[in-house]
Amino acid sequence: MKIAFIGGGNMATALIAGMVKGGGATQVHVVDPNPEALERLAAQYGASTSGAIDAAVADADAIVLAVKPQQMRDVANALAPHLTGGPLVLSIAAGIRGADLARWLGGYGAIVRAMPNTPALIGMGVTGLVALAGVSDAQRTLADGVLRAVGQTVWLDDEALIDPVTAVSGSGPAYVFYFLEAMQAAAVEMGLSAEQGKQLALATFAGATELAAQSDESLAVLRQRVTSKGGTTHAAISSMETAGVKAAIVDAMKAAAARGRELGDELGAD
């Protein structure tokens with residue numbers, strides 16, 4: 001199997017590493033204008049490389065578009081003449097709608113949109129995917145294999161749900177880091193060292209997440225079991241509720257999803 005990557009940044013590197021490690025790709029080709037990135041990928045993963053889109057991508061089974069949304073139109077226009085072999089086109093760019101990408105590719109329809117997140121860098125990502133009508137069952141399986149190399153996959157029936165996925169999991173690691181920062185800051189204010197605060201916060205997050213993953217009970221029940229009425233946890237949760245923390249988090253995620261839709265409008269406009 002040959003996989004071509006347009007863009008050799010962090011997410012592309014994570015996908016390449018996961019596929020090579022898992023044996024999911026026998027050949028990897030990377031296109032990127034940065035010679036240092038190409039040298040690194042060639043040395044670490046045996047990838048063939050080029051500084052611009054050329055005939056080397058034409059015989060790929062899948063072409064992963066791992067560029068910034070603002071670059072996608074130009075990349076698609078350059079890629080369109082090289083799709084003669086009927087490859088899967090897998091886009092991991094936020095906001096770029098399948099219909100717009102298909103139009104820029106000259107009406108090409110074998111497109112899967114995907115939204116991975118940064119824990120893919122350590123093989124613990126989660127990706128939402130949606131396939132356009134022109135994607136075959138084999139290509140859907142191929143797309144799933146590419147993203148499963150770096151974590152879990154969640155398939156969607158409606159492309160409009162990619163924006164909520166972006167808001168929940170695509171942007172989600174930043175929310176976790178933000179909360180961890182706050183826990184560390186509180187620890188320091190209460191007399192612990194920054195390193196102690198970080199260690200306690202990280203271990204608490206990791207342990208609570210794993211407990212929730214292994215439990216059949218709802219998140220609300222798990223929270224309630226830690227929250228004895230009149231106790232320390234109850235005092236903390238009550239303070240957060242009074243401050244509207246939960247509502248603020250929900251509003252923040254809705255803002256992220258709305259920005260995803262706006263990006264689609266902005267970047268897809270003629």
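The values are calculated or read from the model by the stated rules, or taken from the named source; none is laboratory data. Just so it is clear, the model here is predicted, and its values are computed rather than measured. With ideal geometry, Cβ positions are generated from the backbone for all residues, glycine too; neighbour counts draw on all protein chains shown. SASA here: full protein model, heavy atoms, side chains in, ligands and nucleic acids out. Shrake-Rupley method; radii C 1.70, N 1.55, O 1.52, S 1.80 Å.
For the chain, return all DSSP H helices satisfying: extent of Cα atoms along own axis at least 27 Å; mean Kyte-Doolittle hydropathy at least 0.0. Counting only whole DSSP H runs, the qualifying helices are 194-214, 245-268.
Take the Cα pairs of the chain, get the Kirkwood Rh, then feed it into Stokes-Einstein at 20 °C and 1.002 mPa s and tell me D in µm²/s. Roughly 105 µm²/s, to the nearest whole number. Figure note: L200, L88, L219 ranked by solvent-accessible area, largest first, 1.4 Å probe, ligands and nucleic acids not counted: L219, L200, L88. When nucleic acids and ligands are ignored and a 1.4 Å probe is applied, R73 ends up with an accessible area of around 70 Å². Residues whose amide H falls under 5 Å from that of G134, counting only those 5 or more places apart or on a different chain, are I111, with hydrogens built in the peptide plane.
With a cut-off of 19 Å, note down the residues of segment 93-111 whose backbone N falls inside the zone around a label point 7 Å from the Cα of R259 toward its beta carbon. Only 93-97 pass the distance filter.
Each of I111, I237 has its accessible area taken with a 1.4 Å probe; listed largest first, they run I237, I111. Number of Lys-Lys pairs in the chain with C-alpha atoms under 26 Å apart and a separation of 8 or more places or on different chains: 7. Near A93, the amide H atoms lying under 5 Å from its own belong to A114; only residues 5 or more places off or on other chains count, and H is placed 1.01 Å from N. Within the assembled protein chains, the solvent-accessible surface assigned to S228 is about 80 Å², based on a 1.4 Å probe.
If R₀ is 22 angstrom, what is the calculated FRET efficiency for the pair V154 and S218, using the beta carbon separation as r and rounding to 0.05?
The value I calculate is 0.70.
Legend: P(r) of segment 188-270 from all alpha carbon pair distances, 10 Å bins from 0, whole percents, reading 14, 26, 35, 16, 8, 1.
Every helix of 4 or more DSSP H residues in the chain counts as -39500 (n - 2.57), and over all residues that averages to -16000 deg cm²/dmol at 222 nm.
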